[in-house]
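Participant: This is the structure I want to talk about, given as structure tokens.
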Amino acid sequence: MKYLHNIGLYFLMLVQVFKKPQKRKIFRESLFKEIDELGLKSIGIVAFISFFVGGVVAIQTALNVDSPWIPKFLIGFATKRSIILEFAPTFMSVILAGKVGSYITSSIGTMRVTEQIDALEVMGVNSLNYLVLPKVVAAVFFYPFIVLLAMVLGIFGGWVSGPLTGLFTSDNYIEGIQLDFQPYLVRYALIKTMVFAFVIATIPSFYGYYVKGGSLEVGKASTQSVVWTSIVIILLNYFLTQMLLG
């Protein structure tokens, strides 16, 4: 019953979140702040992981297709598909769920236990709309750009790994990248990313907003939010893949 209660409370929270902001200027300032906190400050780790994971994917693919009967351009093709379809949208979203989700839960949870949210409510401010809506908008509209960057750097990392290891040539890799390019797969990845971004912004906000107790409970809520956000992302990934590619 606790899970059903939380699910219902989550959707009731969303109703308050998506009400019209009371002051556009304040919303705009909060939005730019959240773009910086949730998006710009995540670019570094996304770029680092994307580059090296792309290289690892290309190397592992090259080692597994080491046969004279299999053309070398399949290395670039397989790396491109793996990064676009799963690594960039899904794997990076799970990483962002850990980094961003814990930040969101801890920041809102700290405001809850220090009674700052209660003060907002006393002043007549819709605290959910004020705290959560800028995070949702920032994540949904900025994370697709981060995922596009992850795609580019992942494929580039795979290309760099070829000459460094001697497992395949640049020409073969580039030929594989160009083979059977389907723009719909990029759109599919971006659609998934926007759905995942919504989850990353709202579930941690839910756990932070409704936390009870002190700083210890805020830490536990941060852990729970990361776990449940990752679980929901994996489940949604399955259903979205069936819907969009099935």
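Participant: Round to the nearest 10 and give me the degree value, 0 to 90, for the angle of helix 24-34's Cα axis relative to the longest principal axis of the chain.
Facilitator: Once rounded, the angle reads 50 degrees.
Participant: For residue 150, what charge total do you get from the other residues with a beta carbon under 14 Å from its beta carbon, if Lys and Arg give +1 and Asp and Glu give -1?
Facilitator: Every neighbour counted, the sum reads +2.
Participant: Only four residue types carry charge here, +1 at the Cβ of Lys and Arg and -1 at the Cβ of Asp and Glu. Report the dipole size of the chain about the Cα centre in Debye, rounded to the nearest 20.
Facilitator: About 680 debye.
Participant: Mind checking which aspartates and glutamates have their C-alpha under 17 Å from residue 80, skipping anything on the same chain fewer than 8 residues away?
Facilitator: 171, 175, 180
Participant: As I understand it, the value is the acute angle between the Cα axis of helix 183-209 and the longest principal axis of the Cα atoms of the chain; what does it come to in degrees, rounded to 10?
Facilitator: Roughly 30 degrees, rounded to the nearest 10.
Participant: Give me the number: length gained by fully extending residue 63 to residue 122, i.e. 0.36 nm times residue separation minus the C-alpha to C-alpha distance, one decimal in nm.
Facilitator: 14.9 nm
Participant: Between residue 239 and residue 152, how high is the FRET efficiency from 1/(1 + (r/R0)^6) when r is the Cβ-Cβ distance and R₀ = 25 Å? Nearest 0.05.
Facilitator: 0.35
Participant: Additional query: Roughly how tilted is helix 92-113, in degrees to the nearest 10 and between 0 and 90, from the longest Cα axis of the chain?
Facilitator: Its long axis makes an angle of about 10 degrees.
Participant: Using packing as a proxy for protection, rank 156-164, 101-109 so that the peptide with the highest average count of other Cβ atoms within 10 Å comes first.
Facilitator: 101-109, 156-164
Participant: Further, regarding this structure: Over the chain, what relative contact order in percent results from Cα pairs under 8 Å that are six or more residues apart?
Facilitator: 34
Participant: Once the dipole of the chain is set up with Lys and Arg at +1 and Asp and Glu at -1 on Cβ about the Cα centre, which of 172, 85, 221 lies farthest towards its positive end?
Facilitator: 221
Participant: At 0.36 nm per residue, minus the direct Cα-Cα distance, what do residue 223 and residue 45 gain on full extension? Give it in nm, one decimal, please.
Facilitator: Full extension of this stretch gives 62.1 nm more.
Participant: With N set to the number of residues, divide the alpha-carbon radius of gyration of the stretch 2-245 by 2.2 N^0.38 Å and report two decimals.
Facilitator: For the stretch 2-245, the normalised Cα radius of gyration comes out at 1.17.
Any read-out appearing in this document is the output of simple, stated calculations on the displayed coordinates, not a laboratory observation. Note that the coordinates shown come from a computational prediction; the quantities given were computed from them, not determined experimentally. Note that each Cβ is placed from the backbone with ideal geometry, even for glycine, and that neighbours are counted across all protein chains shown.
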